[in-house]
Amino acid sequence: MAMMNIKKQSHTVKSFRFGALLIPILVISLSSGPAFGQTTITAGEAGVQHVFADNYYGVGFGASFVSGVGLTLKDHLPYSPIAIQITGMPFKDGNVGMYDIGAELQYDLFLGVTRLYLVAGGGYYYYNDGSNEDNSNRYGSNSNNSNTNNASGNELNSPYRLGFGLGYEIPYGRNVGMTLNLMFTAFMPSGDILPTPSIGFVGYFR
């Protein structure tokens, strides 16, 4: 029983190690400089109907516990309050490997110089540090598997995420917006539900 508790605690530490990488990203992003100018999400661009007449595409970087970390691709649909965003990133350094992929659906509540929106999202996160202390991978593989297969298993306890909450976008440059989300996040399969923040920077064009 003591050995099982030690293994469980070890996996819990590993499950939060991936998420802990977001903390310095959030701190650096928030301290990188003051907002200035206007993004393409302005009252002038949106018009009196507070919708865009054209597709607005975006490319940037996002860091979220729900919808991925890495390169962000975004499309704000024309004549609609809806925007779709996809974020993901692969990374490998020696024996350490990780990747993630996620998406968000955003619904504008207010569109002017700033933007307030509802957001729902989901994602999948993978992390492996090249070791596997209990000689079994994450999803039910037995001890007859080879060490190579065991070492490739996802070490996160809850790699699947779903979330819902509010987002706010402010100008960060002439054609750049900074987004801040706060979402209630379900970590699966553990079933934990926690409020989590996210941040993103997106450059817009059409």
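The values are calculated or read from the model by the stated rules, or taken from the named source; none is laboratory data. The shown structure was predicted, so the numbers you read here are calculated from the model rather than taken from an experiment. When we count neighbours, we look across all protein chains shown, and the Cβ atoms used for this are built from the backbone with ideal geometry, even at glycine.
A few comments on the model shown:
- Filtered residues of the range 50-76 (kept if modelled with pLDDT under 95 and either within 19 Å of Tyr125 (Cα to Cα) or hydrophobic (A, V, I, L, M, F, W, C) (or both)): Val51, Phe52, Ala53
- Qualifying residue in the range 93-108 (condition: modelled with pLDDT of 95 or more, surrounded by 14 or more Cβ atoms within 10 Å (Cβ to Cβ), over 14 Å from the mean Cα position of the chain (by Cα) and in a strand (DSSP E or B)): yes
- The listed residues are Gly203, Gly173, and the only one of them that is assigned to a strand (DSSP E or B) and in contact (Cβ under 8 Å) with a residue 40 or more places away in the chain turns out to be Gly203.
- When Asn175, Asn157 are screened for being touching a His at 6+ places or on another chain (Cβ under 7 Å) and either surrounded by 16 or more Cβ atoms within 10 Å (Cβ to Cβ) or at pLDDT 90 or above (or both), only Asn157 passes.
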